[in-house]
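A short worksheet on the structure shown next.
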Amino acid sequence: MNYLHLPARLAPLLAFADVLDAAARESTKALTKVYREATRTSRGGTLRPGADTPLWNELAKLAAGHLETYGDKANLARILGVPRQRVHEYLVAKTACPDTERALMLLAWVLTAEKRKTSPTQARIKRPRRRAATATKTAAPTTPVATTPSDSASASSSPPSMDKSDPKSVTYYVTLIPPALD
């Protein structure tokens, strides 16, 4: 083997070069590890709303369009089982995404809201005011009209008239509303 002969006065510099070489190798290993962790693709990590979540952005936009009246966010929060502030974070602030189950529940809510909005037969029917209900209690009693048996059979088969002065007609149609639309 060939050895390089160095003067004795360079020996401290040689020891310093060895220390620098070891430090550079350790620094390179640490930087390589940090770089790998920073550029690693995240699998199964929590997604944040933004450019990486286009489907969530569209669903949030559709859902926010159906929150029109006072209390709609609170009702949606009850359906999803989250605090109403969380619904604000989901749809308005866009700083959070729900878990899968709640996202599917929100999708179902949007679909039913769309269906309710587009179909006039499913439109929500307003309930009569309390004044109309109290008006029936205070209304003057009417005298019964004598009817023939054929008149009573035809009257029972047809729905009551839609005369606004007849409170029975309003309550009859209100009881026909399915419970899901109440």
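State to the nearest 20 debye the size of the charge dipole of the range 1-98 about its Cα centre, where the only charges are +1 on K and R beta carbons and -1 on D and E beta carbons. Can you show the working numbers first?
Values: 14 positive and 9 negative charges, 35 e Å.
Here the range 1-98 has a charge dipole of around 160 debye.
Compute the FRET efficiency between residue 10 and residue 43 as 1/(1 + (r/R0)^6), taking r as their Cβ-Cβ distance and R0 = 45 Å, and round to the nearest 0.05. Can you show the working numbers first?
Values: r = 53 Å, r/R0 = 1.17.
Step by step, r from the Cβ atoms, then E = 0.30.
If each of residue 19 and residue 32 carries a label point 7 Å out from its Cα toward its Cβ, how far apart are those two points in nm?
Placing both labels 7 Å beyond Cα along the Cβ direction yields 2.5 nm.
Once you place label points 7 Å from the Cα toward the Cβ at residue 92 and residue 119, how far apart are they in nm?
3.1 nm
Can you compute the label reach from residue 57? Point 7 Å from Cα along the Cβ direction, backbone N cut-off under 14 Å, restricted to the range 72-107.
Only 94-95 fall inside the zone, counting backbone N under 14 Å.
A short reminder: the numbers here are calculations on the coordinates, not readings from a lab. Not measured: the values here are computed from a predicted model. Here Cβ is always computed from backbone atoms with ideal geometry, including for glycine, and neighbour counts include all displayed protein chains.
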